[in-house]
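Worksheet for the structure shown next.
The values are calculated or read from the model by the stated rules, or taken from the named source; none is laboratory data. Remember, it's a predicted structure, so these values are computed and weren't measured experimentally. A quick note on method: Cβ atoms are made from the backbone with ideal geometry, for glycine too, and the neighbour counts reach across all protein chains shown. Just the protein is used for accessible areas: all its heavy atoms, side chains included, with ligands, DNA and RNA removed. Shrake-Rupley method; radii C 1.70, N 1.55, O 1.52, S 1.80 Å.
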Amino acid sequence: MAGVPSLSNPPEGGRYSPGHNARAPAFWVSRSVKHTITLIPGDGIGPEVTNAVVKVLETAGLQVEWEPQAAGVLAIEQSGDPLPPALLDSIARTKVALKGPVTTPVGGGFTSVNVGLRKALGLYANLRPVWNIPSVPSRYTGIDLVIVRENTEDLYSGLEHEVVPGVVESLKIITEEASERIATFAFEYARSHGRKRVTAIHKANIMKMADGLFLKSVQKIATRYPDIVCDERIVDAACMHLVMNPTQFDVLLLPNLYGDIVSDLCAGLVGGLGVVPAANLGSDIGVFEAVHGSAPDIAGRNVANPTALLLSALLMLQHIGERAMADRIMTALGNVLSEGKVRTRDLGGASGTREFADAICAALSR
Ligand code: NAD
């Protein structure tokens, strides 16, 4: 599965060192080429964490021309459109974007830019590796799982209407085509990354047609991968199992909404939203962003943890063939975290976003 990135479990308790990642396919080789990458700083904490990550990438020597693009409320101010055609054109051309979070108004206002972007660019797979980064305080150790979330349909179809006053309907769209496509992605990912098991998460006992179709589609695709175990869990029980014993899971395959909710749950198992990355992948485009949102409660205060976006950027580096650089940055990040002197507040430290990025830059130069 060329170009699909992976971050996997560093040695327990130890420092991250380049090359330990036995799961990485050999075709990722570092190339010294100049990349053109769309940069969407977003809003809330987006610009702060994006600036921090850009600084680290440039310090590491990434040859890059950024194409900055506004989205959401900032884009409305500039052009009247939260998802401007110029942004979509830029990503369609560059094929790769680093994206900060974008706020979606609650209960009204414009529809989600994040959902719109994924649909418009056919970014059907949301890949979210969740593992214990050494020295990051967390409730569990030994977690090394990957969430594969369907990114284009389900209750995120945005199809809602009022039937009669006081009664509304939200349409949950599940198609065989999208379900088989995401299942194929999950099994291919599992096979090419040494993963042993794919667990389909659903609520097919209640939504017999919609989740039933998702589950049947997964089971159909699973027959083509006899080397990978396929099992299934009902979503509520899966959440309980994740909290009781998260190390039992390998690849989790979920429709859109459960994937969203379970991602935040899993982030809580390994140290919080400040440390979990994500990649939105289509057939030839990758948009890399953290799992977290715009965190308005801490925006503009230089306290956000840029690690989640930095790890997303490492997935991006792997995707564009800069694997060695990704390893070097991961080593620098691991060293700063294990030294423990410079940490953001969510990880029990007192350092700011900028200071944390500066420490990683200093570690890169050592
Ligand atoms: P959130 O993820 O922004 O924040 C949840 C909690 O985690 C907050 O307490 C926040 O302070 C903390 N947190 C998040 N990221 C952090 C970081 N990097 N460092 C330290 N702490 C961090 O979720 P929310 O508050 O529910 O959503 C805020 C907005 O973000 C909403 O408008 C939502 O729609 C949007 N959102 C956008 C994306 C995206 O752009 N992909 C994803 C999720 C949510």
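Summing Lys, Arg as +1 and Asp, Glu as -1, what charge do residues with Cβ under 11 Å from the Cβ of residue 289 carry, residue 289 excluded? Overall, the nearby charge balance is +3. For segment 50-61, the Karplus equation 6.51 cos²θ - 1.76 cosθ + 1.60, evaluated at θ = phi - 60°, returns couplings of 5, 4, 4, 5, 4, 4, 5, 4, 6, 5, 6, x Hz by residue, with Gly and Pro reported as x.
Per residue, the accessible area of segment 27-186 comes to 44 Å² when a 1.4 Å probe rolls over the protein heavy atoms. Each Cα pair under 8 Å and six or more residues apart adds its separation to the average, and for the chain the resulting relative contact order is 24 percent.
Just subtract the alpha-carbon distance of residue 184 and residue 224 from 0.36 nm times their residue separation and send over the number in nm, one decimal.
Numbers: separation 40, 0.36 × 40 = 14.40 nm, distance 0.91 nm.
So the extension gain works out to 13.5 nm.
Quick one: which residues, 5+ away or cross-chain, put their amide H under 5 Å from the amide H of residue 100? H built at 1.01 Å from N. Residues meeting the criterion, in which the H sits 1.01 Å from N, are 40, 42. Within the accessible area of the chain, the carbon and sulfur atoms contribute 56%, probe 1.4 Å, all protein chains present.
Residue by residue, segment 246-254 carries 3J(HN,Hα) couplings of x, 6, 6, 9, 10, 10, 9, 10, 9 Hz when phi is fed to the Karplus relation 6.51 cos²θ - 1.76 cosθ + 1.60 (θ = phi - 60°); x denotes Gly or Pro. An ellipsoid equivalent to segment 88-197, defined through the eigenvalues of its Cα gyration tensor, has semi-axes of 30, 19, 18 Å when rounded to whole angstrom and sorted largest first.
To check you understand DSSP bridge types, tell me what percent of the beta bridges within the chain (both residues inside) are antiparallel, rounded to 5. All intermediate terms of the calculation are to be shown ahead of the outcome.
On the way: 20 of 45 bridges.
Just about 45 percent of them are antiparallel.
When each pair of different Cα atoms in the chain is counted once in the 1/r mean, what is the Kirkwood radius in angstroms, to one decimal?
Working: mean 1/r = 0.0481 Å⁻¹.
Kirkwood hydrodynamic radius for the chain: 20.8 Å.
Solvent exposure of segment 215-273 amounts to 42 Å² per residue of accessible area, where only protein heavy atoms count and the probe is 1.4 Å. Scalar couplings 3J(HN,Hα) for segment 208-218, obtained by applying the Karplus form with A = 6.51, B = -1.76, C = 1.60 to θ = phi - 60°, are 5, 7, 5, 6, x, 5, 4, 5, 4, 5, 4 Hz; x denotes Gly and Pro. Net charge of the neighbourhood of residue 170, taken over other residues with C-beta under 12 Å away and scored Lys/Arg +1, Asp/Glu -1, is -3. Quick check: net charge around residue 307, other residues with Cβ under 10 Å of its Cβ, Lys/Arg +1 and Asp/Glu -1? Counting the neighbours of residue 307, the net charge comes to 0.
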